[in-house]
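The next block holds one structure in the form of structure tokens; read it before the comments.
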Amino acid sequence: MTANTLFTYTLTPEDDGRKYQDILLRRFHFSRKVLQKLKIGENVWIDGKFTYLTARGKTGQTLAVNILEEEPATIRGELLPIEIIYEDEIFLAVNKPPGQVIHPNSRYRTGTLANAVIGYWGSKGETRPFRPVSRIDRNTSGIVLIAKSRYAHQQLAALSVKNKVEKKYLGLSEGHSPLTQGEWSFPIRLKPGSKIVREAHPDGQSALTLFQTLQQYPDYSLMEFTLVTGRTHQIRVHAQAAGHPLLGDDLYGGGMKYIQRQALHCYSYSFPHPLTLKTIKIKATVPVDMRMLLLEDSFDD
């Protein structure tokens, strides 16, 4: 056990007499499922000595919790190429190439990002389930953040609900928007008769995308998109509804002249780390197929 695998907290006067599990639940938003797992084995200590979550605390005590439980992998690992752009004790971030599926399914049983990540961990003698914090489409490239524990996954989900996780995408959209920046707030629903295609519709779920034009080309524009909500196909549907579908996105009206997949790349991710509270900023290199359509300085900091 290392300090980096422990959540630590010094109890204050308002914690006096409260159960440790209540402190973790109310103050730090540990889920009930995570708390149940912590009760199996020795995972909680007070001032260096094992304790039960149902014991009551005193001001000044140091509470330490093991946040990395031992769990078996549920997916077969494969030694595949993988571009790691960030890793610490509880998170892993990779730059997923276009065309790779996140998780095995009936059509793609091998070669997925999950197979690659489990294989990478296995090569280091580590075993754990594959827990992506969020997913991107097969033909969308860029950052996929993966949690190494239930605790990490649950904490990022809680931060997302509070809009404290910022995801930015680069996309190439057809034509030129009359606005250089703004927001799209078209509600989104599943298109009647389809299991995949979404559409902008007043009866849909609320959705909000912020956009900014970074560079204009003769036939298309380089756009930056910030997701405020996270609906399925949100950027793709919003771009279509705005009259500027993404290049290569034939599902949502984009032409295939310049690129053979939707020109969308998750390039930036930032969030407060659950343990250190420091802001983690991650960026992913733009893939070759999109880079070939851009000026060299289009995505420089």
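In segment 221-238, the residues that are within 8 Å of residue 209 (Cα to Cα) reach residues that are in a helix (DSSP H, G or I) and of a type in the set (S, T, N, Q) with C-beta atoms within less than 9 angstrom, at least six apart or across chains, in these pairs: 225/234; 227/234. Restricting attention to segment 139-183, and to residues there that are free of Cβ contacts under 8 Å to residues at least 40 places away in the same chain and either within 15 Å of the chain's Cα centre (by Cα) or not in a strand (DSSP E or B) (or both), which single residue is farthest from residue 32 (Cα to Cα)? Only one residue tops the list, namely 178. Of all residues in segment 64-76, those being among the aliphatic types (A, V, I, L, M) and touching a helix residue (DSSP H, G or I) at 6+ places or on another chain (Cβ under 6 Å) number 4.
Among the numbered conditions (1) touching a residue at least 40 places away in the same chain (Cβ under 8 Å); (2) crowded, with 16+ Cβ neighbours inside 10 Å, the only one that residue 53 does not meet is (1).
For segment 199-224, which residues satisfy the criterion of being within 21 Å of the chain's Cα centre (by Cα) and either surrounded by 14 or more Cβ atoms within 10 Å (Cβ to Cβ) or charged (D, E, K, R) (or both)?
Narrowing segment 199-224 to residues within 21 Å of the chain's Cα centre (by Cα): 205-211, 223-224.
Correct list: 205, 207, 208, 209, 210, 211, 223, 224.
Would you say residue 211 is part of a loop (DSSP other than H, G, I, E, B), modelled with pLDDT of 95 or more and not assigned by TED's automatic domain parsing to the domain that holds residue 91?
Working: part of a loop (DSSP other than H, G, I, E, B): no; modelled with pLDDT of 95 or more: yes; not assigned by TED's automatic domain parsing to the domain that holds residue 91: yes.
No: the conditions fail for residue 211.
Criterion applied to 7, 91 was being within 24 Å of residue 277 (Cα to Cα), buried (at least 16 other Cβ atoms within 10 Å of the Cβ) and modelled with pLDDT of 90 or more, and the one residue passing it is 91.
The values are calculated or read from the model by the stated rules, or taken from the named source; none is laboratory data. Just so it is clear, the model here is predicted, and its values are computed rather than measured. No Cβ is skipped: glycine too gets one built from the backbone with ideal geometry, and neighbour counts run over all protein chains shown.
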